[in-house]
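Single-structure report; data block below.
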Ligand code: C2E
Ligand code: MG
Ligand code: MG
Ligand code: MG
């Protein structure tokens, strides 16, 4: 097999479907090498999270691989590979340290800024996770409440008891916890009730068509209600237009994230710069007209 690359920079043949392909093995070897010797090739992008009253409250750290010859590679093409090849502790550690330095800078101008970091299942099951978090926060000189860790229901269900213990320990440190892609997994409400999480991120598949699909709107509305009655913040993922943002605001949704407010982009000196100012403007203008 000859790994020809097309004009988009993506290999024509999808190596993700073949764990033993030459290209896949090369990617693993390169990733291992990069994590050891040149981790800054793994660039952290940030996507803003905005309250629907028009304030940016934080941002999610999303990793990309700035590959010297293949261009910018998205996480969907290498995060699972890292997970399958024991590279996740190093990758998570790199993203975490980078994100903490970023949030420390944001907090100079915005004392309540937070950064969200995605965990993987191996991180969640890692015996040393709580100690790693403690030392990463200490090294960065950042308060624990600046950090939100995102985990999915699927990750939790791999070992619910262990996850529960770990999440309680992280929470005791003052780190906030968030359930990512909420609604796509298989966590029972009884289980969720007993977890020390502060935030639900409703998966974008439920959010994307709320303006046109009544059944999606009904799911979003009742999830907001559920989150609030459990004392949780509800974050809507995948908000792509003003209409959706307005409807979410009318439904009482707390926070939104999506292309409307800003695409993931490299770090910025201030958190405000991570947001599309026109988006906030559109939202507040509309609010004024209505009230
Ligand atoms: P996620 O944590 O659910 O992150 C949200 C994904 O949705 C991001 O894709 C983001 O770019 C995309 N997105 C945000 N707003 C919109 C929107 O309005 N419309 C649409 N269509 N998409 C939107 P991305 O950056 O490609 O990341 C994909 C996944 O890779 C993430 O999903 C997360 O599960 C994983 N990932 C990214 N960085 C890391 C990391 O550092 N560690 C781990 N363990 N996983 C990561
Ligand atoms: Mg996430
Ligand atoms: Mg998500
Ligand atoms: Mg998602």
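The values are calculated or read from the model by the stated rules, or taken from the named source; none is laboratory data. Owing to the predicted nature of the structure, the values given are computational and were not obtained by experimental measurement. Neighbour counts are summed over all protein chains in view; Cβ atoms, including those assigned to glycine, are modelled from backbone coordinates with ideal geometry.
With the checklist (1) over 19 Å from residue 200 (Cα atoms); (2) more than 16 Å from ligand 2 (Cβ to nearest atom) in hand, flag the one item residue 263 doesn't pass.
Tallying (1) over 19 Å from residue 200 (Cα atoms); (2) more than 16 Å from ligand 2 (Cβ to nearest atom), residue 263 fails exactly one: (2).
Quick one: would you say residue 212 is more than 21 Å from residue 116 (Cα to Cα) and more than 16 Å from ligand 3 (Cβ to nearest atom)?
So residue 212 fits the description; yes.
With respect to the numbered conditions (1) in contact with a strand residue (DSSP E or B) (Cβ under 8 Å, 6 or more places away or on another chain); (2) in a helix (DSSP H, G or I); (3) touching a residue at least 60 places away in the same chain (Cβ under 8 Å), which one is the sole condition not fulfilled by residue 249?
Failed condition: (1).
Would you mind listing the strands (runs of 3 or more DSSP E) fully within the stretch 23-111 where at least 2 residues are within 16 Å of ligand 3 (Cβ to nearest atom) and under 24 Å from residue 233 (Cβ atoms)?
The strands (runs of 3 or more DSSP E) meeting that bar are 42-51, 55-67.
Check residue 257 against each of (1) touching a strand residue (DSSP E or B) at 6+ places or on another chain (Cβ under 6 Å); (2) more than 30 Å from residue 191 (Cα to Cα); (3) within 16 Å of ligand 2 (Cβ to nearest atom) and name the one condition it does not meet.
(2)
For every residue, the table says whether it meets (1) farther than 15 Å from residue 43 by Cβ; (2) within 16 Å of ligand 2 (Cβ to nearest atom).
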{"residue": "70", "(1), (2)": "no, no"}
{"residue": "75", "(1), (2)": "no, yes"}
{"residue": "89", "(1), (2)": "yes, no"}
{"residue": "94", "(1), (2)": "no, no"}
{"residue": "97", "(1), (2)": "no, no"}
{"residue": "100", "(1), (2)": "yes, no"}
{"residue": "103", "(1), (2)": "yes, yes"}
{"residue": "110", "(1), (2)": "yes, no"}
{"residue": "114", "(1), (2)": "yes, yes"}
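Please find, among 244, 205, the residue that is surrounded by 19 or more Cβ atoms within 10 Å (Cβ to Cβ), under 29 Å from residue 283 (Cα atoms) and within 12 Å of ligand 1 (Cβ to nearest atom).
244
Considering only the stretch 171-186, state which residues are more than 16 Å from ligand 2 (Cβ to nearest atom) and either in a loop (DSSP other than H, G, I, E, B) or under 19 Å from the mean Cα position of the chain (by Cα) (or both).
171, 174, 186
Looking at (1) surrounded by fewer than 18 Cβ atoms within 10 Å (Cβ to Cβ); (2) at pLDDT below 90, which is the only condition residue 33 fails?
(2)
Which of the residues spanning the stretch 198-229 are within 16 Å of ligand 4 (Cβ to nearest atom), touching a strand residue (DSSP E or B) at 6+ places or on another chain (Cβ under 8 Å) and not in a helix (DSSP H, G or I)?
Of everything in the stretch 198-229, those that are within 16 Å of ligand 4 (Cβ to nearest atom), touching a strand residue (DSSP E or B) at 6+ places or on another chain (Cβ under 8 Å) and not in a helix (DSSP H, G or I) turn out to be 199, 200, 201, 202, 203.
A quick yes/no check of all residues on (1) touching a helix residue (DSSP H, G or I) at 6+ places or on another chain (Cβ under 6 Å); (2) loosely packed, with under 14 Cβ neighbours inside 10 Å:
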position	(1), (2)
149	no, no
153	no, no
161	no, yes
169	yes, no
174	yes, yes
185	yes, no
